[in-house]
Amino acid sequence: MRSRTALLAAALGGCAACWAVCGWAQDGEADAAPPAEAELTTIAVADPAPADAPARPADEDGPTVLDQIEVTAERRVSTVQETPISMDAFNEHKLALRGIQGIQDLASNVPSLVIEPFPIHNATLRLSIRGVGVTDAQVTQDPAVGIYLDGVYIARSVGLALDLADLERIEVLRGPQGTLYGRNTTGGAINLVTRRPSVDLFSMTHQITLGSRDQLVGKSSLNLPLGDDFAVKLALLGGRRDGFVENTGPGGDFGDREETALRFDARWLATDWLTADYAFDRSDLEYYNYMFQAILPPLTSHGQADLFKPYAQTQTVYSQQRLSSLNSGSPMEASGSHVRGHTLTLTAPLHGYELKYIGAFRELTDDQYANLGGGAGSLEYRLDQHAYDGPAASMANGGPTAGPTPVGIPQVFQEQWSHEVQVSGSLFDERLSFIAGAYTFSERGGENGGPVYHILNTLLDPDQASDLFDAVPGMRELLRNTALPRLVAFWDYDLAIDNSADALFGQLTWTPDFLDRRLSLTGGLRYSHDERSALKTFEQSQYVEGRAADQSAIAVPIPAQVLALQGNDVFAGVRGESSYTDIAPSVNLQYQVATDAIAYVSYASAYKSGGFNVRDPQISGESGPASDGQDYGFGFIEGFKPEQVKSLEFGVKSEWFHRSLRLNVSVFDTDYRDMQTNFLIAGTISDTKSRNAGKAKIRGVEVDAAVVPARGLILALQYAFLDAEVLEVIDVEGNNVAALYPFIAAPPHSYVGSVDWTFLEGGWGALRAYVNYNYVGNRQGFVITEARRGLTATEGYGLFNARLAASGWRVDEHGSVDIGLWGKNLADEEYPATAIDNLPQADRAVIWGEPRAYGLDLIYRYF
């Protein structure tokens, strides 16, 4: 890890630079004009509301009103209340109030949105909205919730657990969004919107956050006009935080993370008809994965792992409560995510219409080191990727003279290019409005899991090893005089993807003259074409090694069929290719029932791309039976097709009593077809077969209510009810096994209740208290076999969070200071963030959610 002294240099060093610019501007105003070319004397100074600003009164004696958040969910500017879909939106002050720094912080703020870390790389997030999400995270498979950064689609869920510099707004759109947002939005879409530079004013903001677990975060942003038609903005972030589980073994502590982020924006008002925006963003995260904590010993069948699970159990720590420390045994190595992006947006108002171009290039690398051992510090039972020095390593590396295997840190990498052209406007006195566009996308990437690296070694007692010795001719004689033999396994693999997608889309809204123009009818259509290609090279090798009486080392390779792997093919550059087309229509009927109330009914659809399952051990349908004796009739190269989601939604959005009461309700019925289902191959730990075998129904109700019972006091409740049922999953024998494949991330009940009270205001500023309680209901988790039902389920839990802020304290004519005290999970609730059941040493193992945390924000604004 980088030194902690140097960690914040980028962000906090930026503070010093920004202060220097500020001091120059102030000195110039007081004493002498700055150089003419800087034109700082023409800079206008605005008085923006601070980030912690409450809802403001309509007049001095009037009632306090609820705020209106502008969004671009329909690719045009409107407010949440005017947008006829179910959505949540967080503007700058809501982001600060709730401590949201990025996507990973949304889970406790949006009902029906479930976010889980992927088990072996915690910077990869699995997102589900209304129960629709993904069960696996492979570079060859796409997510079901689309992520957009300033209008640019982000294709991979790898590296999403990053804080972002200079966020202005987050929009969460529930339900399929296929017409305007395209593929992979079957669950919904999340828009991340950053601040644009302004040519009108010079401003800057600096924030320092100090918190528990040695948390230190610095954030700075600077908006600098360089003339009447050009401005730049620089945003910097640097931070560190310790994890909540100490590693008493060698290497780093579980959960420790250090990150830096930078964003540079430039805006050029080239002419009256052209605005050019360029943005560069960079994020770097270095972290240590959490280690799974074993909860239950392995009493069910674990397939191949049954050979050594009794010994593995003796090397494992078990507890029903969250432990404060575990031992990695071998050194715990760092993982890291690195993201770079360039975006160019051109906007041209032409004869009453708007033409927009969005072009982007993004790249990422993600290094993933995991340790799935028992947490007792054992070096005789290891389930990790660290170096291994033994006779088996020499053989795996090519011969007796070869050395040990190196530390294995697989790397996911990806580059993507996208171009989008939009034209929008209105006709016939705004009775007809439209948006139409074309989109093209391409990506290349993969996952490099080489050279040969260690994944498992464990001692075998004589009873465990006896059958193995009999299965391999000559092994018993070779190892007759050895001490306890050892089983060792290695991996070497390389995966690659080459994908492209093209689309044409359009949406038209008609507002006729009759009914006082209260009625609007919107229709949309998107045509998409997908081309997908995946390449797989994979080799797994196993050895039994021992030490003979004369102290010479010996290792014997184990044929694949001995460990019931006879259905596993050797992959050497095996390619799968496929292409798909899709048409996604949408219809929305909206009626304004009162001045601040609309009712709507909508139909929407979307598809999630097909792909390839890299965990499939067979090349094709010609490979014959798998290791469980079943002939599935397909393998890696056949892949799986797209899945489809169609949803019918009824909703009401309303505000009453001069915007002091808000009530939004949506009711939906979703049809889920061609579900991409993963079948675990019996007798294996992680080999699966994937195909379109399922269909489901999801029904639900979502409520968003807020009221201002007294000036400065806001009470709010957001609630989601889900009735998600898998109706059909057809296995290879034609049986409906839907009961074994429930929705894993569809809590029946989830809600967020909050109290927001500005209890003291004056010319000096305001004091504001905010408390919320977030509840997430029971999740069923994976089942797959009846014996394992409930092993990955999570019980419902609730979290208390609070913030006390003093905002708007003027320190001079242009500066103000905010101070905020905050706490998360104040009751220190113990709850699992994710659970698995396929470790050799445990029927149930979990990564715990964040324990109690607290801290202090200090914010200075110059405006």
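The values are calculated or read from the model by the stated rules, or taken from the named source; none is laboratory data. Nothing here was measured: the structure is a model prediction, and the numbers come from that model. Cβ atoms come from the backbone with ideal geometry, glycine included; neighbour counts cover every protein chain shown. For the accessible areas, the whole protein counts, side chains as well, though only heavy atoms, and no ligand, DNA or RNA atoms are used. Shrake-Rupley method; radii C 1.70, N 1.55, O 1.52, S 1.80 Å.
When restricted to residues that are of a type in the set (D, E, K, R) and open to solvent by 40 Å² or more (accessible area, probe 1.4 Å), the stretch 258-285 contains 3.
If we scan the stretch 755-767, do we find a residue that is farther than 30 Å from Gly815 by Cα and either out of contact with any Pro (no Cβ under 8 Å at 6 or more places or on another chain) or modelled with pLDDT of 95 or more (or both)? Scanning the stretch 755-767 turns up no residue that is farther than 30 Å from Gly815 by Cα and either out of contact with any Pro (no Cβ under 8 Å at 6 or more places or on another chain) or modelled with pLDDT of 95 or more (or both). Taking the stretch 61-132 and the strands (runs of 3 or more DSSP E) fully enclosed by it, no element has 3 or more residues that are over 26 Å from Ser337 (Cβ atoms), at pLDDT 90 or above and of a type in the set (S, T, N, Q). Considering the stretch 705-740 alone, what residues qualify as being open to solvent by 40 Å² or more (accessible area, probe 1.4 Å) and of a type outside the set (A, V, I, L, M)? Pro709, Arg711, Tyr719, Phe721, Asp723, Glu725, Glu728, Glu733, Gly734, Asn735, Asn736 - these are the residues of the stretch 705-740 that are open to solvent by 40 Å² or more (accessible area, probe 1.4 Å) and of a type outside the set (A, V, I, L, M). Just name the residue that is farthest from Phe863 (Cα to Cα) out of those in the stretch 770-792 that are open to solvent by 30 Å² or more (accessible area, probe 1.4 Å) and of a type in the set (Gly, Ala, Ser). So the residue we want is Ala787.
Set side by side, the residues Leu760, Leu821, Leu767 differ, and just one is without any contact (Cβ under 8 Å) to a residue 24 or more places away in the chain and either within 24 Å of Ser647 (Cβ to Cβ) or part of a strand (DSSP E or B) (or both), which is Leu760. For the stretch 680-702, the set of residues classified as surrounded by fewer than 18 Cβ atoms within 10 Å (Cβ to Cβ) and in contact with a Leu (Cβ under 7 Å, 6 or more places away or on another chain) consists of Lys697 only. Every condition in (1) free of Cβ contacts under 8 Å to residues at least 60 places away in the same chain; (2) within 23 Å of Pro176 (Cα to Cα); (3) surrounded by 20 or more Cβ atoms within 10 Å (Cβ to Cβ) is met by Ser647 except one, and the failing one is (1).
Annotation note: Cβ proximity below 6 Å between a residue of the stretch 613-641 that is acidic (Asp, Glu) and a residue that is in a loop (DSSP other than H, G, I, E, B) and open to solvent by 40 Å² or more (accessible area, probe 1.4 Å) (sequence gap 6+ or interchain) occurs for Asp628/Ala682; Asp631/Pro625. Residues in the stretch 267-277 include at least one that is over 31 Å from the mean Cα position of the chain (by Cα) and of a type in the set (Asp, Glu). Among the criteria (1) in contact with a Phe, Trp or Tyr (Cβ under 9 Å, 6 or more places away or on another chain); (2) polar (S, T, N, Q); (3) within 25 Å of His338 (Cβ to Cβ), the one Thr260 does not fulfil is (1). Taking the criterion of being closer than 29 Å to Tyr741 by Cβ and either exposed (fewer than 15 other Cβ atoms within 10 Å of the Cβ) or of a type in the set (S, T, N, Q) (or both), the residues of the stretch 793-818 that qualify are Thr794, Glu795, Gly796.
Scanning the stretch 298-338 for residues that are in a loop (DSSP other than H, G, I, E, B) and at positive phi turns up just one, Gly329.
Scanning the stretch 616-644 for residues that are acidic (Asp, Glu) and open to solvent by less than 10 Å² (accessible area, probe 1.4 Å) returns Asp616, Glu643.
In the stretch 359-369, the residue that is farthest from Gln841 (Cα to Cα) out of those that are part of a strand (DSSP E or B) and touching a Phe, Trp or Tyr at 6+ places or on another chain (Cβ under 9 Å) is Gly359. In the stretch 821-837, which residues are modelled with pLDDT of 95 or more, open to solvent by less than 60 Å² (accessible area, probe 1.4 Å) and not aromatic (Phe, Trp, Tyr)? Residues satisfying the conditions are Gly823, Asn825, Asp828.
What number of residues in the stretch 741-766 are of a type outside the set (Phe, Trp, Tyr) and buried (at least 19 other Cβ atoms within 10 Å of the Cβ)? Qualifying residue count for the region: 12.
In this entry, Ala706 is excluded by the filter for residues that are among the small types (Gly, Ala, Ser) and more than 30 Å from Leu804 (Cβ to Cβ). Contact list please: Cβ distance under 6 Å, first residue in the stretch 514-541 and part of a helix (DSSP H, G or I), second residue hydroxyl-bearing (Ser, Thr, Tyr), pairs at least six apart or on different chains. Once the first residue is part of a helix (DSSP H, G or I) and sits in the stretch 514-541, its partners that are hydroxyl-bearing (Ser, Thr, Tyr) give Arg517/Thr511. Exactly one residue out of Pro298, Pro310 is in contact (Cβ under 8 Å) with a residue 40 or more places away in the chain and open to solvent by 20 Å² or more (accessible area, probe 1.4 Å): that is Pro310. Contact map, the stretch 389-403: first residue under 16 Å from Val556 (Cβ atoms), second residue at pLDDT below 75, Cβ cut-off under 8 Å, separation 6 or more or different chains; pairs are Gly390/Ala553; Pro391/Ala553; Ser394/Pro400; Ser394/Thr401. The single condition among (1) crowded, with 18+ Cβ neighbours inside 10 Å; (2) part of a loop (DSSP other than H, G, I, E, B) that Gly341 does not satisfy is (2).
If you check Thr209, Thr135 for being under 29 Å from Pro111 (Cα atoms) and at pLDDT 95 or above, only one passes: Thr209.
Going by what's in this entry, would Arg213 be described as more than 27 Å from Glu813 (Cα to Cα), touching a helix residue (DSSP H, G or I) at 6+ places or on another chain (Cβ under 8 Å) and open to solvent by 20 Å² or more (accessible area, probe 1.4 Å)? No. Each residue in the stretch 762-786 was checked for being among the basic types (Lys, Arg) and under 30 Å from the mean Cα position of the chain (by Cα), and 1 pass.
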